[in-house]
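Here's the structure, in structure tokens; my notes come after.
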Amino acid sequence: MVGGGSDAFIGAIHRRAAFMDNLIELVCGCFSVDPEISKSSGRSYFLPENRIYNTYQEMFEREMALPEEERMDFVTIVTPNRFHFEPAMMALERGFHVVVDKPMTFSLDEAKQLQKKVEETGLILALTHVYSAFPAVKEAKARIARGELGRLRRLYVEYPQGWLAERIELLGGNNAGWRTDPKLSGKAGCMGDIGTHAWHLSEYMTGLKVEELCAELNTFVPGRPIDDDGAAFLRFEGGVKGTLIASQIAIGEANNINIRIYGEKGGLEWHQENPNLLIMKWIDRPSEILQVGNNTFLGEEAKWNTRTPAGHPEGFIEAFANIYRNFALTVMAKLKGETPCADCLDFPTAYDGVRGMQFIETMVAAGYDDHKKWHKWID
């Protein structure tokens with residue numbers, strides 16, 4: 001692991017998720033730019049002293065010197081966006097698979113370089129767009145693909161938060177600092193942090209790509225150098241229209257990501273804060289509320305990503321774990337020279353990482369366009 005020390009937030013989420021299915025073991029890491037924090041964190045994770053490193057450069061070189069059966073198989077990168085690219089590229093160049101938090105890189109150019117390196121090496125890169133890994137989302141995606149909603153027409157996706165309604169980044173002691181600093185987060189704030197989740201969920205569930213958008217980006221908190229709110233009209237391939245809203249100044253909201261999708265025959269609705277329910281709506285019969293769990297009426301895609309009987313909620317950690325499990329099974333198959341199962345390959349990849357950076361670039365170009373023109377997807 002690179003990053004994820006005892007003073008970090010998301011690293012602990014990654015570790016808990018990775019360990020859930022007993023397929024992954026933490027064997028080494030550089031957990032902070034501060035060597036003392038890295039050392040103390042590694043000790044608390046029960047690592048031997050010689051596998052706790054002061055820099056990720058040192059980690060890669062010393063791991064490469066170990067016998068193949070001892071060295072790490074892959075690295076998880078859980079640092080601020082500015083520091084995703086270099087360790088990811090270094091890992092790929094040395095033959096290590098990669099898991100990286102989203103957005104994949106700091107810039108679109110970096111994302112394209114990583115995608116090219118993945119293609120050249122044949123290595124596996126997973127991107128943790130966690131909301132695409134909920135069982136109810138898998139069920140919805142499968143039903144849309146089977147045509148149950150008919151030809152799609154309209155989509156609404158929103159991700160409101162309220163934690164940045166004040167300029168708490170000035171207080172210190174929280175992770176708002178780097179998220180609101182363009183030098184660390186990249187050119188988008190709210191849209192890079194959570195807007196990308198909303199966009200990815202829309203493309204993942206529908207199976208359609210956004211072709212162009214018209215957007216507005218806002219900075220409501222005085223003095224903040226980056227967006228904390230925004231919205232966009234989306235045009236998907238096939239004539240489907242969408243609306244995307246993301247905000248971090250919506251007071252009272254936590255992680256209230258919601259999506260509604262409508263077709264000619266019906267619609268569906270999913271709310272992340274009530275993740276085990278999928279609402280199906282029909283033109284010719286009453287709506288249905290599906291309780292996700294190991295129920296017989298669920299498709300195999302949902303069952304593959306479900307661990308508990310119905311009525312026992314699965315949430316954020318389990319969705320993260322689905323990405324790690326599918327990634328781990330894919331890497332294990334590759335190490336054995338076998339073909340991974342189709343369900344194992346169901347996780348966001350470098351391709352999604354490039355699409356995400358294209359979304360950010362297009363949103364920024366459109367969001368600050370005073371003429372509010374439609375902008376083609378930036379390649």
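Read-outs: derived from the displayed coordinates by stated rules, not from any lab. No experiment lies behind these values; they were computed from the predicted model shown. Using ideal geometry, Cβ is built from the backbone for each residue, glycine included, and neighbour counts are taken over all protein chains shown.
Annotations
- Measuring nothing but alpha carbons in the stretch 105-223 and taking Rh as the Kirkwood radius, the Rg to Rh ratio lands at 1.02.
- DSSP-loop GluC sites (Glu not before Pro) across the stretch 185-277, with at most 14 other Cβ within 10 angstrom: Glu264, Glu273
- DSSP bridge orientation in the chain - percent antiparallel, rounded to nearest 5: 65
- Loop-located GluC sites (Glu not before Pro) across the stretch 285-360 with a Cβ neighbour count of 12 or fewer within 10 Å are Glu338, with loop assigned by DSSP.
- More than 18 angstrom apart: percent of Cα pairs within the stretch 1-136: 54
- Taking Val78, Val354 and counting other C-beta atoms within 10 Å, the order from fewest to most: Val354, Val78
- The coefficient of translational diffusion for the stretch 249-316, derived via Stokes-Einstein from the alpha carbon Kirkwood radius under 10 °C and 1.306 mPa s, stands at 118 µm²/s.
- Dipole of the chain, positive direction: furthest Cα of Pro309, Pro103, Ala250, with charges on the beta-carbon: Pro309
- Distance between the stretch 146-185 and the stretch 218-247 - C-alpha centres, whole angstrom: 10
- 222 nm mean residue ellipticity, helices alone, for the chain (DSSP H n ≥ 4; -39,500 (n - 2.57); rounded to 500): -10000 deg cm²/dmol
- Unit charges on C-beta of K, R, D, E only; dipole of the stretch 340-379, Debye: 220
- Of the chymotrypsin sites (Phe, Trp or Tyr not before Pro) in the stretch 81-153, those whose Cβ has at most 10 other Cβ within 10 Å and which sit in DSSP loop: none
- For the stretch 230-379, the Kirkwood hydrodynamic radius from C-alpha pairs, put into Stokes-Einstein at 4 °C and a viscosity of 1.567 mPa s, yields a diffusion coefficient of 69 µm² per second.
- Residues His197, His84, His371, arranged from fewest to most other Cβ atoms within 10 angstrom of their Cβ, appear as His371, His197, His84.
- Spatial separation of Cα centroids for the stretch 85-99 and the stretch 186-203, in angstrom: 24
- All-pairs alpha carbon distance profile, the stretch 31-106, 10 Å steps from 0, percent: 18, 51, 29, 1
- Sorted fewest first by neighbouring Cβ atoms within 10 angstrom, Met1, Met72, Met89 come out as Met89, Met72, Met1.
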